[in-house]
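Worksheet for the structure shown next.
The values are calculated or read from the model by the stated rules, or taken from the named source; none is laboratory data. If you're wondering where the values come from, they're calculated on a predicted model, not measured in any experiment. Methodologically, a virtual Cβ is constructed for each residue, glycine included, from the backbone with ideal geometry; neighbour enumeration extends over all protein chains shown.
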Amino acid sequence: MSTQESSVQTFVDLLPAKQRQAVISVFGEKFAHQFMGPIAFIDDAKLSSPTAINFFRRDFQFISKVLNYEYQYRSWNGFDQGLLDRYGEMIAKKLESIGTLIGNWNNRFAKLMETNGVKMESAVYANAIETTVPIISGNARAYFLILKELDRLNLVAGTANLMGVINSTQRAEAEFMCKKSVRAFAAALRNEVVRLYREADRLIKEQHGHADSGKAETIAAQGKELDAFASSMKTDSATDSSLNMNNVDPSQVIDDAAAATAAATNKANGSKPRAKKTEALTDA
């Protein structure tokens with residue numbers, strides 16, 4: 001074995017223990033030793049709400065991998081670059097829309113709490129986690145930051161509700177809309193990735209058995225991951241209506257939610273409410 005081959009195979013083993021465990025925990029032992037790209041880390045990242053934690057544990061691995069496909073396929077001779085451009089633009093646009101959507105809800109509730117003299121420290125989630133997050137794609141980092149915003153939204157909405165600033169219906173509306181939009185991103189992403197997968201499969205078949213064996217194995221593995229994630233989403237949709245993407249365009253779900261929240265925010269900013277506790281916002 002050459003020195004170069006040895007260094008490649010043992011790279012993950014040379015990482016600090018916490019970072020090495022993070023890569024293996026999220027992506028698995030095989031991926032950890034085969035991945036050839038750079039890896040960054042968000043150390044001591046905290047998530048507290050069950051919704052954000054579940055998205056991280058269930059979806060982050062798949063989303064990180066498929067967000068890395070764009071860069072991977074850029075080097076494939078003959079791959080439709082226009083398809084990759086559309087993929088990159090869609091990802092950036094949807095992540096920005098979701099970030100704005102959740103941010104608007106957070107700002108709205110934070111202002112209501114401030115007006116009513118309620119502090120964020122008034123409530124906590126009891127089962128928060130602290131972890132090291134491996135980043136293999138810039139957009140995967142943006143997605144994780146979305147989860148952080150979602151985590152804050154759940155805490156802000158929960159605190160505001162517990163302290164009587166908003167009622168349970170308003171809390172549920174915000175949590176449902178934001179949770180559905182985050183899941184819609186995963187569904188929209190998978191739809192776009194299927195197009196990339198088909199294009200990659202086309203290139204492999206056109207080479208009539210002369211394709212690089214590594215590329216063929218990559219495509220086969222990606223096909224299995226796409227099927228597994230589709231099955232996972234189907235299972236989720238049967239138990240949670242906010243995760244149900246059946247018979248809807250997930251991209252439109254995000255656009256509609258972002259537009260509705262933006263309109264509500266603009267309306268609120270245009271009005272001049274009195275700085276006093278609003279009884280209509282409390283539970284009956």
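Conditions (1) part of a helix (DSSP H, G or I); (2) modelled with pLDDT under 95; (3) over 27 Å from PRO38 (Cα atoms); (4) among the small types (Gly, Ala, Ser), marked per residue:
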| site | (1), (2), (3), (4) |
| --- | --- |
| ARG86 | yes, yes, no, no |
| ILE98 | yes, no, no, no |
| ILE102 | yes, no, yes, no |
| GLU121 | yes, yes, yes, no |
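If you go through segment 109-136 and keep only what is within 30 Å of TYR71 (Cβ to Cβ) and exposed (fewer than 13 other Cβ atoms within 10 Å of the Cβ), you end up with just GLU130.
Scanning segment 240-269 for residues that are part of a helix (DSSP H, G or I), over 19 Å from the mean Cα position of the chain (by Cα) and either under 16 Å from ASN191 (Cα atoms) or not basic (Lys, Arg) (or both) returns ALA259, ALA260, THR261, ALA262, ALA263, ALA264, THR265, ASN266, ALA268, ASN269.
The residue of segment 159-178 that is farthest from GLU96 (Cα to Cα), among those that are surrounded by fewer than 22 Cβ atoms within 10 Å (Cβ to Cβ) and touching a residue at least 60 places away in the same chain (Cβ under 8 Å), is GLY164. Counting only residues that are buried (at least 17 other Cβ atoms within 10 Å of the Cβ) and part of a helix (DSSP H, G or I), segment 53-82 holds 16 of them. Would you be able to say whether some residue in segment 227-238 is farther than 30 Å from GLY158 by Cβ and modelled with pLDDT under 80? No, that holds for no residue. Taking GLN170 as the residue in question, decide whether it is touching a helix residue (DSSP H, G or I) at 6+ places or on another chain (Cβ under 9 Å) and farther than 24 Å from PHE144 by Cα. For GLN170, the condition - touching a helix residue (DSSP H, G or I) at 6+ places or on another chain (Cβ under 9 Å) and farther than 24 Å from PHE144 by Cα - is met.
Considering segment 88-103, the residues that are buried (at least 19 other Cβ atoms within 10 Å of the Cβ) and not hydrophobic (A, V, I, L, M, F, W, C) include one that is farthest from the chain's Cα centre (by Cα), namely SER97.
Of everything listed in (1) at pLDDT below 85; (2) under 22 Å from ALA140 (Cβ atoms); (3) among the small types (Gly, Ala, Ser), the single unmet condition for ALA284 is (2).
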